[in-house]
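Peer 1: Let me begin by handing over the structure; questions about it come next.
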Amino acid sequence: MTRIDAPWLNGAAAQAICAMLTDAGYQAWFVGGCVRNALMGAPVADLDLSTDALPDVVTRLANAAGFAVVPTGIAHGTVTVIAQNTPFEITTFRRDVATDGRRATVAFADNIRDDARRRDFTMNALYAGSDGIVADPLNGLPDLHARRIRFIEDADQRIKEDYLRILRYFRFYAWYGDVEAGPDPDALAACAGNVEGLQTLSSERTTSELLKLLAAPDPAPAVATMAATGALAQILPGANAAVLAVLVHVETQAGLPPDPLRRLAVLGGDLSALRLSNSAKKYLDQMRSAHDAGALGYYFGVQVALDALAVRAASLGIELDPNTAEIVNFAADQVFPLVAADLMPRLQGPALGQALTTAKERWIASGFTLTKAELLRDL
């Protein structure tokens, strides 16, 4: 018997939510990431439950218990119940009726096995009751203990139900897989055989999944495997997977935490298939700057400068200069000694702007040593 013992499970809020359902004669099972991560000793973020109670019943029981209810996905059988400021996403047992590679038509089910069979990976089809005892209807525990990412039943069929599962596979492999043991052969073959299905996905879903993958401590082995299947070329044509491993080394050397956008920058390739925010696009443009360390620190600040220099070092296959952080921090603190009024009224309009730009470039090139008087003397 496998049991989880975690603060979130033993807390008053989780126990009250479970009692709300079980006292009324219904099942209450925590499922998915919270159970998986508790068993793996990883942080738990979202608390999801499965039950045989229909959504309207869950809503009625929650209201009667004095909990707030948000119909977050009522069409799919999901309501969010908030207890003691903690959200619990409660979904009625479901089974797939039809799929088109992007979304599924579901029907409610009345048993845990049917609910488990519609999930993606065996390690995500683990359930735990309020007592922490784990239910494993599809034999996922051995895969979890071996850190083996394996599709439920037929890998090819699971992917055809939702092509995003190709990207989810590599994301889970990056976060939870045993890299030394390598990927599951059946999963890899199914991913490779269905890569064209990635073109049917929305750019929002693709981008979200890719960034989650790149946020892993070391996504390089997973991305290299992804490239070998052809999946990387489908979503990021022209990307160079090999350089990602170099960047991870540079990050470790420089003490930089994992950052998905920094990793995306070093991969390169055509980003047109992704849906990025304006701030992310600006950041990626800054990563391509040709400025030296001092100018980067002055113009963009410490973090962006360090990121850009790490990307540059990885792209060139070199070590990051050990003095980089000191140079960048110094540059970021500097204040340009000239203001427009110093050149007026002698200079106006575009001539004024150009003179200030030229003076600033000379000042930066001097290592920020030129004084106001020295700058004015040469204008």
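Peer 1: Condition first: buried (at least 16 other Cβ atoms within 10 Å of the Cβ) and out of contact with any Lys or Arg (no Cβ under 9 Å at 6 or more places or on another chain). Now tell me which residues in region 129-140 satisfy that.
Peer 2: Gly129, Ser130, Ala135, Asp136
Peer 1: Let me ask something else. Mind checking which residues of region 214-271 are assigned to a helix (DSSP H, G or I) and not hydrophobic (A, V, I, L, M, F, W, C)? Working first, answer last.
Peer 2: Step one: of region 214-271, the residues assigned to a helix (DSSP H, G or I) are 214, 220-229, 231-235, 242-254, 260-267.
Pro221, Thr225, Thr229, Gln234, His249, Glu251, Thr252, Gln253, Pro260, Arg262, Arg263 - these are the residues of region 214-271 that are assigned to a helix (DSSP H, G or I) and not hydrophobic (A, V, I, L, M, F, W, C).
Peer 1: Going by the structure shown, is Asp259 in contact (Cβ under 8 Å) with a residue 12 or more places away in the chain and either closer than 16 Å to Glu204 by Cα or in contact with an Asp or Glu (Cβ under 6 Å, 6 or more places away or on another chain) (or both)?
Peer 2: Numbers: in contact (Cβ under 8 Å) with a residue 12 or more places away in the chain: yes; either closer than 16 Å to Glu204 by Cα or in contact with an Asp or Glu (Cβ under 6 Å, 6 or more places away or on another chain) (or both): no.
No; evaluated as a whole, the condition is false for this residue.
Peer 1: Something else now. Restricting attention to region 43-68, which residues are among the small types (Gly, Ala, Ser) and not in a strand (DSSP E or B)?
Peer 2: Ala45, Ala53, Ala62, Ala64, Ala65, Gly66
Peer 1: Sort out which residues of region 1-26 are within 13 Å of Leu61 (Cβ to Cβ) and in contact (Cβ under 8 Å) with a residue 12 or more places away in the chain, and write them in order of number. Walk me through it before giving the result.
Peer 2: We begin by selecting, within region 1-26, every residue within 13 Å of Leu61 (Cβ to Cβ); these are 16-26.
The answer is Ala16, Ile17, Cys18, Ala19, Met20, Leu21, Thr22, Ala24, Tyr26.
Peer 1: List, please: which pairs have Cβ atoms under 7 Å, are six or more places apart or on different chains, and start with a residue in region 339-356 that is at pLDDT below 95 and end with one that is assigned to a loop (DSSP other than H, G, I, E, B)?
Peer 2: Listed pairs, sorted by first residue: Leu343/Leu379; Leu352/Met344; Ala355/Leu347; Ala355/Leu379; Leu356/Leu338.
Peer 1: For Ala16, are the conditions met, namely being surrounded by 13 or more Cβ atoms within 10 Å (Cβ to Cβ), part of a helix (DSSP H, G or I) and in contact with a strand residue (DSSP E or B) (Cβ under 7 Å, 6 or more places away or on another chain)?
Peer 2: Details: surrounded by 13 or more Cβ atoms within 10 Å (Cβ to Cβ): yes; part of a helix (DSSP H, G or I): yes; in contact with a strand residue (DSSP E or B) (Cβ under 7 Å, 6 or more places away or on another chain): yes.
Yes.
Peer 1: Given the residues Ile149, Ile166, which is the only one that is aliphatic (A, V, I, L, M) and touching a Gly at 6+ places or on another chain (Cβ under 6 Å)?
Peer 2: Values: Ile166 fails: touching a Gly at 6+ places or on another chain (Cβ under 6 Å).
Answer to the selection: Ile149.
Peer 1: Let me spell it out: the conditions are (1) in a loop (DSSP other than H, G, I, E, B); (2) of a type in the set (Ser, Thr, Tyr); (3) not assigned by TED's automatic domain parsing to the domain that holds Gly66, and Ser130 meets all of them except one. Which number is the exception?
Peer 2: (3)
Peer 1: Assess whether Ala38 counts as being among the aliphatic types (A, V, I, L, M) and either over 26 Å from the mean Cα position of the chain (by Cα) or in the same structural domain as Leu188 (by TED's automatic domain parsing) (or both). Working first, answer last.
Peer 2: Numbers: among the aliphatic types (A, V, I, L, M): yes; either over 26 Å from the mean Cα position of the chain (by Cα) or in the same structural domain as Leu188 (by TED's automatic domain parsing) (or both): no.
No; evaluated as a whole, the condition is false for this residue.
Peer 1: Separate question: For region 177-187, enumerate the residues that are surrounded by fewer than 19 Cβ atoms within 10 Å (Cβ to Cβ) and assigned to a helix (DSSP H, G or I).
Peer 2: The answer is Pro185, Asp186.
Peer 1: Given the criterion under 21 Å from Pro258 (Cβ atoms) and surrounded by 12 or more Cβ atoms within 10 Å (Cβ to Cβ), identify the matching residue among Leu343, Leu284, Leu338. Can you show your working first?
Peer 2: Details: Leu343 fails: under 21 Å from Pro258 (Cβ atoms); Leu338 fails: under 21 Å from Pro258 (Cβ atoms).
Unique residue meeting the criteria: Leu284.
Peer 1: Sticking with this structure for a sec: Could you grab me the full set of residues in region 193-213 that are farther than 24 Å from Val243 by Cβ and assigned to a helix (DSSP H, G or I)? Let's see the steps before the verdict.
Peer 2: Residues of region 193-213 that are farther than 24 Å from Val243 by Cβ, as a first pass: 193-194, 196-197, 199-202, 204-205.
Result: Gly193, Glu196, Gly197, Gln199, Thr200, Glu204, Arg205.
Peer 1: Still on this structure, I have one more. Which of the residues spanning region 346-379 are surrounded by 14 or more Cβ atoms within 10 Å (Cβ to Cβ), out of contact with any Gly (no Cβ under 8 Å at 6 or more places or on another chain) and closer than 12 Å to Tyr298 by Cβ?
Peer 2: Residues satisfying the conditions are Lys360, Trp363.
Peer 1: Here's a follow-up. If I ask for residues that are in contact (Cβ under 8 Å) with a residue 60 or more places away in the chain and among the β-branched types (Val, Ile, Thr), which ones from region 170-202 would you list?
Peer 2: Thr200
Peer 1: Sort out which residues of region 107-151 are in contact (Cβ under 8 Å) with a residue 24 or more places away in the chain and farther than 22 Å from Ile90 by Cβ, and write them in order of number.
Peer 2: Thr122, Leu141, Leu144, Ala146, Arg147, Arg148, Ile149, Arg150, Phe151
Peer 1: Can you find even one residue in region 71-85 that is within 21 Å of Asn124 (Cα to Cα), outside any strand (DSSP E or B) and without any contact (Cβ under 8 Å) to a residue 12 or more places away in the chain?
Peer 2: Within region 71-85, not a single residue is within 21 Å of Asn124 (Cα to Cα), outside any strand (DSSP E or B) and without any contact (Cβ under 8 Å) to a residue 12 or more places away in the chain.
Peer 1: Let me ask another. In this structure, is Arg165 in contact (Cβ under 8 Å) with a residue 12 or more places away in the chain and part of a loop (DSSP other than H, G, I, E, B)? Don't jump to the end; show me each part of the working.
Peer 2: Details: in contact (Cβ under 8 Å) with a residue 12 or more places away in the chain: yes; part of a loop (DSSP other than H, G, I, E, B): no.
When the stated conditions are applied, Arg165 does not pass them.
Peer 1: Okay, moving on. Any idea which residue in region 297-323 is farthest from Ala242 (Cα to Cα), counting only those that are in contact with a helix residue (DSSP H, G or I) (Cβ under 7 Å, 6 or more places away or on another chain) and not in a helix (DSSP H, G or I)? Give the derivation first.
Peer 2: Looking only at region 297-323, we keep the residues that are in contact with a helix residue (DSSP H, G or I) (Cβ under 7 Å, 6 or more places away or on another chain), and these are 297-298, 300-302, 304-311, 313-315, 317, 319-320.
From the residues that got through so far, the ones that are not in a helix (DSSP H, G or I) too are 301, 317, 319-320.
Values: Gly301: 28, Gly317: 11, Glu319: 16, Leu320: 18 Å.
In this case the residue turns out to be Gly301.
The values are calculated or read from the model by the stated rules, or taken from the named source; none is laboratory data. Computed from a predicted model, the values in this text were never measured in an experiment. Glycine also receives a Cβ, built like all others from the backbone with ideal geometry; neighbour counts cover every protein chain displayed.
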